[in-house]
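Asks: I have a structure here, written as structure tokens, and I will follow up with some questions on it.
Quick note: the coordinates plus some simple rules give every number you see, no bench work behind them. Small disclaimer: the values here were computed from a predicted structure and weren't measured. Neighbour counts run over all protein chains shown; Cβ positions are idealised from the backbone, glycine included.
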Amino acid sequence: MKAFRTVGMVMILSGLITSGMGSLGEAAPALQSINLITNPAGMGLYTIAVAQGQLISRKTGLQIVVQPSQGPKVIPYILESGDGQAATLSVNNTYWAYKGISEYNKPHKFLRVLQAGNENYFAIITKEKSGIKMIPDLKGKRVTYSVTSYMTQLVMETELLAYGLSPAKDVTVVKTEDNTTALRDLDQGRTDAAACGLGGSKMAELSRKTKIVVLSFDPGKIAFVQKEMVMFPAITPGNLSGVDPGQNVIATPSLLIARADLGEDVAYQMVKALIENYNELKAVNPVLADWRPEVAARELPVPYHPGAIKFYKEKGLWSSKLDQLQQKLLSEK
């Protein structure tokens, strides 16, 4: 039985005719298939994964199959089962899964980073007509989070606590299956506000129906959030679908990760395709402009894949400091 419910599947096939066939009657060589697991369709990381998968498939002999899942909570288990070989996930979820803490009941020491990318922005949002303008206005209101994204629960809880509100006493908590459902419930009036990741086609779709209001989070209160998560104060950029720029929110980097047993050459090819074709990739979606080569290898609490390291060293993107951190992480039990 599959470890996840597939909402849809995007199969990216490239070069089957132009490069996969030789002389007349010669069988095309089989492409190596890589299942890339990501968030539900319509969310920001899903859009990123599709663009990355398409580019890798065009530029390499790999066939990337993008598979949306129910959310971050299940992605490491899908990789563990072997139903997926790579995934898009935030730093927080990758670290929690690697260590077996928070919403993950055991360590997933097989996780490795391929590339660090864009900031993943989080906030509590509402509709303009709700009359809710600030986080303290949520007292007595319904606030939703996704049960398959522990981060949305922590965003809701820590931001409420930062303003002196009790999640258990001062609001009515509404739980949904995923972020897509949370946005739909907000649209249809089944909740007053939702803690969620910002951006993606579903948020853009909601913004065409109603004005989305991002409830500003005071950067001076970030300590309340950092007790629970690797998050930093941030300001929404101009490339988030459905969200006004210039809003005070919180953010954490997104990652492209893989199983440690993914072939070194395969990992190398994937990273090489993404980095060397950065200009082509960023033209697909403005958010992908943040997957810059200079931030691909950075200090993280999870080890990198050796295939990725090989490429970064060739391009001068890997430092001795990163090497020391890599060895330290691999030596920890």
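Asks: Roughly how many nanometres apart are two label points built 7 Å out from the Cα toward the Cβ at Ser201 and Lys315?
Replies: The answer from the label model is 2.8 nm.
Asks: Something else: Scan [x] 42; [y] 31; [z] 27 for the value of percent of Cα pairs over 33 Å apart calculated from this model and give just the label.
Replies: Comparing each candidate, only [z] matches the computed number.
Asks: Taking the Cα of Glu80, stepping 7 Å toward and past its beta carbon, and measuring to each backbone N in the stretch 260-274: which are under 17 Å?
Replies: Hits in the stretch 260-274 for Glu80 at 17 Å: 260-261.
Asks: I need Val174, Val143 ordered by Cβ neighbour count within 10 Å, fewest first.
Replies: Val174, Val143
Asks: So what is the relative contact order of the chain, in percent, for Cα pairs below 8 Å that sit 6 or more residues apart?
Replies: 21 percent
Asks: Could you check the spin-label model distance between Gln32 and Lys209? Points 7 Å from the Cα along Cα→Cβ, value in nm.
Replies: 4.4 nm
Asks: Grab the beta carbon distance between Asn239 and Glu177, set R0 = 35 Å, and tell me the FRET efficiency rounded to 0.05.
Replies: Once rounded, the FRET efficiency stands at 0.80.
Asks: I'd like the antiparallel share, as a percent to the nearest 5, of DSSP beta bridges with both residues in the stretch 121-252.
Replies: 65 percent
Asks: Another question, if that's okay. Quick check: convex hull of the Cα atoms in the stretch 32-98, volume per residue, rounded to a whole Å³? Working shown, then result.
Replies: Working: hull volume 5.2 nm³, N = 67.
Convex hull volume per residue, Cα atoms: 78 Å³.
Asks: Rounded to a whole number of µm²/s, how large is the Stokes-Einstein D of the stretch 57-154 at 37 °C and 0.692 mPa s, given Rh as the Kirkwood radius over C-alpha pairs?
Replies: 205 µm²/s
Asks: May I ask you to list the trypsin sites (Lys or Arg not before Pro) in the stretch 169-226 that are in a DSSP loop and have at most 14 other Cβ atoms within 10 Å of their Cβ?
Replies: Lys169, Arg190, Lys211
Asks: Now a separate question. Can you give the longest stretch of the chain with no exposed loop site, where a site means GluC sites (Glu not before Pro) in a DSSP loop (not H, G, I, E or B) with at most 11 other C-beta atoms within 10 Å? The partial results should precede the final answer.
Replies: Working: sites that count: Glu26, Glu299, Glu332.
With GluC sites (Glu not before Pro) excluded where exposed in loops, the chain gives 27-298 as its longest stretch.
Asks: Take the Cα atoms of the stretch 285-333, find their three principal axes, and give me the spread along each one in whole Å, biggest first.
Replies: Principal-axis extents of the stretch 285-333 (Cα, largest first): 39, 22, 17 Å.
Asks: Could you tell me the ratio Rg/Rh of the stretch 121-252? Both radii from Cα atoms, Rh via Kirkwood.
Replies: 0.92
Asks: Hey, what number do you get for the chain at 222 nm if only DSSP H runs of n ≥ 4 count, each worth -39500 (n - 2.57), divided across all residues, to the nearest 500? All intermediate terms of the calculation are to be shown ahead of the outcome.
Replies: Numbers: 11 runs with 107 residues, N = 333.
That comes out to -9500 deg cm²/dmol.
Asks: Between the stretch 243-257 and the stretch 187-241, how many Å separate their Cα centres?
Replies: Centre-to-centre distance over Cα atoms comes out at 9 Å.
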